[in-house]
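Please read the structure below before turning to the comments.
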Amino acid sequence: MQFLKKLLTWRRIIYFTIPILIISFLASNLASAAVTVSNIEFIGEATIPKGLAVQNTLVGGLSGITYDAQNNIYYAISDDRGNKAAARFYTLKIDLSQGSLKNDGVAIVGVSTLLNESGKKFAPGTSDTEGIAFTNKKTVFISSEGDSGELTNPFIKEFSLSNGKAIATLPIPNKFLPDKNGQSGIRNNLAFESLTITPDTNKLFTATENALIQDGPAAQPNISTPCRILQYNLLSKQLEKEFLYSTEPISPFFNFTGKFASGLPDLVALDNQGTFLTLERSFTGVGFAVLLFQVSLAGADDIHNIDSLLNVNQKIKPVQKKLLLDLRGLDVLLDNIEGLTLGPILPDGQRALILVSDNNFNAIQRTQILAFKLKIESPLIRLLRRLIPNFQR
């Protein structure tokens, strides 16, 4: 009888413990698992009027965009090198309240001039501001490509939203800096055009638009280019890791102009586990090719200790890529799309995605805003789909 009581007690313990272990296992795995984009839908386009001036500055060159969810506004950086006005970013309102974007749904409501650490405007030619990322603490990080021809270094600086003044600078490794002999460093206008911060605000990422000189060739027709994604720790303000990202080879179409450009102009973090949306844009002679990818750093090799990819014998594992959308399939005349950001939650509960084009201050180009709806599935939703037939979120 005593033995039977002990056996029943152990059974209770086992029956009680097993569910706890299962729940703990699932919770720990779900917490570290990445999200995925299961669907993307185009929901509208708007064009900013040509020649529009705000506070005596010509609106144009919008190369990056970021979203301030608390105030439901956007900040868009201009890549004007000081030729039209001082380095600056614009504040925009984008109306997605009805779940779509209308042509009159974008308004520019302000402009902020960037100041250096001394409180002075950036001199013409000393910056090429391309990427912007909101921090949730009334600041934005902004990246500049620099100018390899003038030996002007790229930078990543944090600026106050209240006065536009630089308050912090992230270190850039020497291998990215322009070389007077042209043997290493960034290529002109192909450097840090992208910028994003993870949802937990702990990590900042940027990427070279094309390969460093010592890493391989720039993008060419039907030939990809090896870019580097850089991961910074915003708590320590230090670079932690780098990853290899290879762009897609693009075939020109009726390229009678002889011009070709292709690269990685922007990325946005979807979670804290290294999942991103990346934007690849190519000028193919006639029109633009624009591709959206979901990218994961999982399993990719850290290359921050490698100064030249051409001098490495072992095979480097790049980031994982999955094509989500080729925008050439949309019924839209694409312009020079260079920036993207996640927007608000739409009325149906899905997340908005906003893309913006750089018109290069060119009379035949447009400042174009494209809006999409993303269906982003968490690890829990994916698990429920596996366990429950016909589960609908």
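The values are calculated or read from the model by the stated rules, or taken from the named source; none is laboratory data. Just so it is clear, the model here is predicted, and its values are computed rather than measured. Using ideal geometry, Cβ is built from the backbone for each residue, glycine included, and neighbour counts are taken over all protein chains shown. Note: accessible area is taken over every heavy atom of the protein model, side chains too, but ligands, DNA and RNA are not part of it. Shrake-Rupley method; radii C 1.70, N 1.55, O 1.52, S 1.80 Å.
For this structure, a couple of remarks:
- Largest-first ellipsoid semi-axes for region 83-151, taking √(5λ) over the Cα gyration tensor eigenvalues, angstrom: 29, 14, 12
- Long-range HN-HN contacts of Arg351 with modeled amide H, under 5 Å: Leu346, Leu374, Ile376
- Local electrostatic count, Val286, Cβ distance below 12 Å [Lys/Arg +1, Asp/Glu -1]: +2
- Each principal axis of the Cα cloud of region 38-172 was taken in turn, and the coordinate range along them, longest first, works out to 46, 32, 29 Å.
- Taking all protein chains as they are arranged and a probe of 1.4 Å, the heavy atoms of Glu209 leave approximately 10 Å² accessible to solvent.
- Per-residue 3J(HN,Hα) values for region 269-277, derived from phi via the Karplus relation 6.51 cos²θ - 1.76 cosθ + 1.60 with θ = phi - 60°, read 6, 8, 8, 9, 9, x, 10, 9, 9 Hz in sequence order (x marks Gly and Pro).
- Sites listed here are chymotrypsin sites (Phe, Trp or Tyr not before Pro) in region 234-312 whose DSSP assignment is loop and whose Cβ has at most 12 other Cβ atoms within 10 Å: Phe253, Phe254, Phe256.
- In Hz, Karplus ³J(HN,Hα) per residue of region 312-325 (6.51, -1.76, 1.60; θ = phi - 60°; x = Gly, Pro): 9, 7, 6, 6, 9, 7, x, 5, 8, 10, 9, 5, 9, 7
- Here the calculated FRET efficiency for Asn233 and Lys259, from their Cβ-Cβ distance with R0 = 51 Å, stands at 0.85, rounded to the nearest 0.05.
- Alpha carbon convex hull of region 40-117, volume per residue in cubic angstrom: 118 Å³
- Annotation: amide H of Ser148 within the under-5 Å range of Asn188, Asn189, sequence separation 5 or more or interchain, hydrogens built in the peptide plane.
- Kirkwood hydrodynamic radius (C-alpha pairs) into Stokes-Einstein, region 173-267, 10 °C and 1.306 mPa s, D in µm²/s: 111 µm²/s
- Hull shadow area, averaged, region 213-278 [alpha-carbon convex hull, nm²]: 5.9 nm²
- For region 124-229, the spread of Cα coordinates along the three principal axes comes to 41, 30, 22 Å, biggest extent given first.
- Expressed in Å, the radius of gyration and Dmax of the Cα atoms of the chain are 23.3, 94.
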